[in-house]
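Data block below; observations after.
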Amino acid sequence: MNCEAIQRYLSDFLDKNLDVERAQEIKDHLTACSLCSEEMASLAECQRLVSGLPAVEPPAGFTNRVMAEVREAANPPRLWERLFLPLRIKIPLQATAVVLIAVLAAYIYQKEPLQREAVLTLQPESSFKKQEETHNLAPSAAQGRTAPSKSKQVAEETKARTQEFKDSAQLKEPQSPPKAEEQNKGIAGSQPDAPATPRAQNQVRSPATLSPTPLQEKSSAATEAASPRLEQSSPPVGVQAKGALAPVPQPEKENASKDAVAAGKSLLSPEAQERSAPSSLDALRSGTVVGVALPADHELAIRLKEPVRDDKATGDRLAPGLAQAERRSLTSQEEAKNLDQARERATQTGQSQTVWVTIARNQYELFKKELADLANIEAESSTPDRHDDAVAKSSNQLRIKVTILPPLASGNPVPSQPSSR
Amino acid sequence: MLAEGIADAECVRRVQQGDTDSFEVLVRRHQKAIFNLVYRLLGNYDEAAEVAQEVFLSAFKSIHQFRGEANFSTWLYRIGLNHASTRRKSLNSAQQRHIPLDGTEVIADGAVDPAKNVEHKEIQQRVQQALNSLDPEDARIVLLRDLQDIPYEDVAEMLDIPVGTVKSRLHRARQALKTSLAPYFHANRKAS
């Protein structure tokens, strides 16, 4: 064998792992070849060095530590032992944790109203469904109390307008529902989120169509209380926000609702109105709300000018409104009509009216100018939060809340310049 | 009372029947070999202590899977090699391993000459560095064969490879060690 072949066997030779003949052959070669002999010496030295590495003792207490772990693994501590032992360490820690959690909970609870407001502004779908359902069922629940034909007509018209608005809302962006819905839900005991819609729908069904369970009995009673108002208070235009359910006794509620409708007043509680229109004028508290009370980019309060009387025999005739005149600022002719009808009602009833309209962002000044032809702009404000909303900005539309105040009696001073709040 | 004289297989049987104390016999019997193997594979005393502890705990937890087909020591070595390899990989990726020079090494011959003592330490450090520089598979074979003096067949069983593969890898590992330690050999020969 040559040196290369010999060197392949050197490791086995070192371990005495070769048969006698091969081992002798290698031994003879090593005595003759200094190169292979040196290679063999190096390998032997390596082996000697590795095997000569001193034994290292395990650390003291190694066995005890291992056995402690082994016994723990064999008998795992019970849950209460794991939770509370050792007592002197874990009890103070847990007590501290409880206190911290309580403080955190109190802090979060204090912030909750703001968060609830934020959540409630994101539930238009369920609110619309419930409102629609309420209007559908109102005539059957209120039969015999009011004139059926008028109620039916009003309900149908309202339903059509609700559907129309719902469609437009779906096309645009999720918008907040009227705050009055919050009142309805609070009374009916339903949850404010969207999945609770079926429950809310059940709650407004007529008692005649359902055999009430205890829960349904409660909700049916609430519906019964609400139905007359809903049906009577539906004005001929817009989606009404008059469906607020105040928990008052039945006869009083009926009378109250009739009186309120006759006076063109909203049945929203003062608190609800304040929440739905936080910066509206005091006059709005007793006014009619036309359109869906959504967060507005701008709010305008306008005082109608004295109506132009051109024919005493036929009664008052108002100057051409936004719908009759060719107005360019409003994106929807429907909203222009709403605005005109609200204006008429404000003039006729002497009560303030609130209308929500949508215009293109760059048409705001033109819209104000058009309003100024009809009325004096008494107050104007914008909502900073709304402007920060990315969705609102991207829509390139402005939501305007217009509060129409009835004309003042002759001689009363009317501010001519808008005052910004 | 621990029966130190009983065989591994009997201890294992008792542990499998729920006698936890019998496991202590096995720990005492094999802790030094396992600890040294792990220590030489990792090159770090503290890491070796931790890993050796894990090895025994792991062996206890899975002792019901031990069917007695191989020696308990072979089975235990296999667990030790696996744990050491895993730790070595994590150490390699996390930090540079180091060789302890603070007296951890035990001088086998109890040299009284301080110069000799220092020289021994230096040699051991070089050898450990050379082992660390080896491929992990090769280092395992060298340590099992040359340090632990385990037969080829058992090494093959522990690593689950053929005996021929063990031989060829051992040859390759020794060649690599020789290359790593060549400067030391030359210096030694010149000195002598």
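Odds and ends about this structure:
- Within the stretch B:14-24, the only residue that satisfies the criterion of being more than 10 Å from every other protein chain (Cβ to nearest Cβ) and touching a residue at least 24 places away in the same chain (Cβ under 8 Å) is B:Q16.
- Taking the stretch A:1-20 as the range and being part of a helix (DSSP H, G or I) and farther than 12 Å from B:L170 by Cα as the test, the residues that pass are A:C3, A:E4, A:A5, A:I6, A:Q7, A:F13, A:V20.
- Conditions (1) free of Cβ contacts under 8 Å to residues at least 24 places away in the same chain; (2) touching a helix residue (DSSP H, G or I) at 6+ places or on another chain (Cβ under 8 Å); (3) closer than 18 Å to A:A44 by Cα; number of the one not met by B:Q128: (1)
- Within the stretch A:9-33, considering residues that are among the acidic types (D, E) and either without any contact (Cβ under 8 Å) to a residue 12 or more places away in the chain or touching a Gly at 6+ places or on another chain (Cβ under 9 Å) (or both), the one farthest from the other protein chains (Cβ to nearest Cβ): A:D28
- Among (1) over 13 Å from the mean Cα position of the chain (by Cα); (2) small (G, A, S); (3) not in a loop (DSSP other than H, G, I, E, B) - the single one B:A52 does not satisfy: (1)
- Of all the listed residues (A:I108, A:I91), the sole one being surrounded by 12 or more Cβ atoms within 10 Å (Cβ to Cβ), farther than 30 Å from B:K178 by Cα and away from chain B (no Cβ under 14 Å) is A:I91.
- Residues located in the stretch A:47-68, provided they are out of contact with any Phe, Trp or Tyr (no Cβ under 7 Å at 6 or more places or on another chain) and at pLDDT below 90: A:Q47, A:R48, A:L49, A:V50, A:S51, A:G52, A:L53, A:P54, A:A55
- Any hit, the stretch B:25-38, residues being within 10 Å of chain A (Cβ to nearest Cβ), buried (at least 19 other Cβ atoms within 10 Å of the Cβ), in contact with a Pro (Cβ under 8 Å, 6 or more places away or on another chain) and assigned to a helix (DSSP H, G or I): yes
- Screening B:L131, B:L101, B:L143 for residues that are modelled with pLDDT under 85 and within 14 Å of chain A (Cβ to nearest Cβ) leaves exactly one candidate, B:L101.
- Residue satisfying all of: in the stretch B:149-172; facing another protein chain (nearest Cβ under 9 Å) and closer than 18 Å to A:G52 by Cβ; modelled with the lowest pLDDT among these: B:D149
- Only a single item in (1) surrounded by 15 or more Cβ atoms within 10 Å (Cβ to Cβ); (2) more than 11 Å from every other protein chain (Cβ to nearest Cβ) is not met by A:E39, and it is number (2).
- Tally, over the stretch B:59-70, of residues that are surrounded by fewer than 19 Cβ atoms within 10 Å (Cβ to Cβ) and under 17 Å from the mean Cα position of the chain (by Cα): 0
- Restricting the first member to the stretch A:50-71 and to residues that are within 7 Å of chain B (Cβ to nearest Cβ), and the second to residues that are surrounded by fewer than 20 Cβ atoms within 10 Å (Cβ to Cβ) and of a type in the set (F, W, Y), the beta-carbon pairs closer than 9 Å and six or more apart or on different chains are A:V56/B:Y45; A:P59/B:Y45.
- Scan of the stretch A:38-91 for residues that are assigned to a loop (DSSP other than H, G, I, E, B) and aliphatic (A, V, I, L, M), ordered by number: A:L53, A:A55, A:V56, A:A60, A:L85
- Residue in the stretch B:44-53 that is more than 17 Å from A:A60 (Cβ to Cβ), aliphatic (A, V, I, L, M) and within 11 Å of another protein chain (Cβ to nearest Cβ) present: no
The values are calculated or read from the model by the stated rules, or taken from the named source; none is laboratory data. Because the structure is a prediction, the values reported are computed rather than measured. Cβ atoms come from the backbone with ideal geometry, glycine included; neighbour counts cover every protein chain shown.
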